[in-house]
Amino acid sequence: MSKIKVVVAGPRGRMGIEAVKMIVKVDHFELVGVIDHKHDGKKLSEIEGLPQLDVMVYSDITKCFSETQPDVLVDLTTPEIGRVHTKIALEHGVRPVVGTTGFSQEDLQSLTVMAEEKKLGAIIAPNFAIGAILMMKFSQMAARYFKDIEIIELHHDQKLDAPSGTGIKTAELISAVREPKVQGHPDEKETIPGARGASYDGIHIHSVRLPGLIAHQEVLFGGDGQMLTIRHDSFNRASFMSGVKHSIETVMKIDILVYGLENIIE
Ligand SMILES: NC(=O)C1=CN([C@@H]2O[C@H](COP(=O)(O)OP(=O)(O)OC[C@H]3O[C@@H](n4cnc5c(N)ncnc54)[C@H](O)[C@@H]3O)[C@@H](O)[C@H]2O)C=CC1
Ligand SMILES: O=C(O)C1=N[C@H](C(=O)O)C[C@H](O)C1
């Protein structure tokens, strides 16, 4: 079997560095380049704190693709640059595996259409951790029985987007099985704006940001005289790597854009 040639965008980031380490450990993957807005033309081994690898850093994604001819782009950057990278990858016949969160509905729609037109696999995964996928699936199951739901997502304080991609995906999955609903008292008023969090079809999403946290989420279901809590915690970023590996393998076998790992795990 020939190796899957992978490029990682965002190799100095918290997730990017883990992805680089995982990719070089997998025999059937080959890390052929990395994309970073700094350190153009250097080797990864020349950047302090990064693995001692003879892999070239590119600031120009197009140049990177033409010189390294990758099969897959793993993007772990920011919403602004991640959506541009994903589009350029599809234009160049490179299959994107995107962990970057904060894409809009319009981004997702236009990228879906692009992948379909190009007949190219693409995966956009708000969360790569299997436990988080199960937490979302269990929440969707529970929502058939409990109609009043609040999502509390908790992350480290360096996170750029709120609500988290996982929080939004959870609300979307619940919304697919629950009618939109006004929760709480119909006449409730926020004395301080934002007190009730964001609302997605009436499901409230609360975003907590604190140093020391990694990635956590609780989904609270209220019923008569009872409450169900479904919770997932990622205690480190290694928790996401089996999902990144599975996505790199799967994206080579599909020819559409898949949004959410729940669609590609058995
Ligand atoms: N899907 C999932 O399971 C997970 C997704 N994430 C998401 O992944 C993304 C990255 O998260 P972290 O690693 O924590 O962030 P980070 O801030 O540590 O890393 C982002 C990296 O992107 C780089 N970057 C910025 N502009 C760039 C450009 N033009 N070209 C190349 N690189 C550029 C930055 O230098 C930085 O190293 C976020 O959107 C986060 O929400 C994070 C954890 C898990
Ligand atoms: O920024 C993070 O850290 C994470 N982002 C993803 C999200 O927005 O859901 C996944 C995970 O929660 C970690």
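The values are calculated or read from the model by the stated rules, or taken from the named source; none is laboratory data. Source: prediction; values computed, not measured. Cβ coordinates were reconstructed from backbone atoms using ideal geometry, including for glycine residues, and neighbour counts include every protein chain displayed. All accessible areas refer to the heavy atoms of the entire protein, side chains included, with ligands and DNA or RNA removed. Shrake-Rupley method; radii C 1.70, N 1.55, O 1.52, S 1.80 Å.
For the chain, take the longest principal axis of its alpha carbons; what is the angle in degrees between that and the long axis of helix 165-175, to the nearest 10 within 0 to 90?
For helix 165-175, the angle is close to 50 degrees.
Give me the angle, in degrees from 0 to 90, between the Cα long axis of helix 241-251 and the longest principal axis of the Cα atoms of the chain, rounded to the nearest 10.
70
As an exercise, identify the chymotrypsin sites (Phe, Trp or Tyr not before Pro) in the stretch 90-198 lying in DSSP coil whose Cβ has no more than 15 other Cβ atoms within 10 Å.
The qualifying sites are Tyr145.
The stretch 214-266 to the stretch 135-203: how many Å between their Cα centroids?
16
Given a 1.4 Å probe, how much area per residue of the chain is accessible, in Å²?
Details: 13130 Å² over 266 residues.
With the other protein chains kept in place, the chain gives 49 Å² per residue.
Can you tell me what percent of all Cα-Cα pairs in the stretch 130-235 are more than 24 Å apart?
Everything past 24 Å amounts to 21 percent.
Hey, what's the Cα Rg ratio for the chain versus the globular rule of thumb, 2.2 N^0.38 Å?
In units of the 2.2 N^0.38 Å rule of thumb, it is 1.06.
Please give the FRET efficiency for His37 paired with Asp157, using the beta carbon to beta carbon distance and R0 = 22 Å, rounded to the nearest 0.05.
Rounded to the nearest 0.05, the efficiency is 0.45.
Given an 8 Å cut-off on Cα distances and at least 6 residues of separation, report the relative contact order of the chain as a percent.
20
What part of the accessible area of the chain, given as a whole %, is carbon or sulfur when the probe is 1.4 angstrom?
Its accessible area is 54 percent carbon and sulfur atoms.
Per residue of the chain, what 222 nm ellipticity follows from adding -39500 (n - 2.57) for every DSSP H run with n ≥ 4, rounded to the nearest 500?
The helix contribution divided over the chain gives -9500 deg cm²/dmol.
Which order do Val24, Val219 take by accessible area at a 1.4 Å probe, largest first?
Val24, Val219
Please get the size of the charge dipole for the chain, origin at its Cα centre, with Cβ charges of +1 on Lys and Arg and -1 on Asp and Glu, quoted in debye to the nearest 20.
420
Quick check: from the Cα gyration tensor, does the stretch 58-126 come out rounded (a/c under 1.5), prolate or oblate?
Values: a/c = 1.87, a/b = 1.25, b/c = 1.50.
It comes out oblate by the Cα gyration axes.
Looking at the chain as a GNM with Cα springs under 10 Å, which of Arg196, Arg83, Arg178 has the largest mean-square fluctuation?
Arg196
With unit charges on the beta carbon (Lys/Arg positive, Asp/Glu negative), name the residue among Val32, Phe221, Ala162 whose Cα is farthest towards the positive pole of the charge dipole of the chain.
Working it through, the farthest residue towards the positive pole turns out to be Val32.
Mind listing which GluC sites (Glu not before Pro) in the stretch 184-248 are in a DSSP loop and have 15 or fewer other Cβ atoms within 10 Å?
Here the GluC sites (Glu not before Pro) that fit, given the DSSP loop and packing criteria, are Glu188, Glu190.
What angle, in degrees between 0 and 90 and rounded to the nearest 10, separates the Cα long axis of helix 130-142 from the longest principal axis of the Cα atoms of the chain?
With rounding to tens, the tilt is 30 degrees.
Loop only by DSSP, 13 or fewer other Cβ within 10 Å of the Cβ. Give me the GluC sites (Glu not before Pro) in the stretch 120-186 that pass, ordered by residue number. Spell out each step's value before the answer.
Numbers: sites: Glu150, Glu153, Glu172; in loops: none.
Here no loop site has a sparse enough neighbourhood.
I'd like the accessible area for Asp71, computed on protein heavy atoms only with a 1.4 Å probe and all protein chains in place. Round to 10 Å², please.
Rounded to the nearest 10, that gives 40 Å².
Can you tell which of Ser239, Ser104, Ser164 shows the greatest fluctuation in a Gaussian network model of the chain with Cα springs below 10 Å?
Looking only at Ser239, Ser104, Ser164, the biggest GNM fluctuation is shown by Ser104.
Around Val219, under 10 Å between beta carbons, what's the net of Lys plus Arg minus Asp minus Glu among the other residues?
-2
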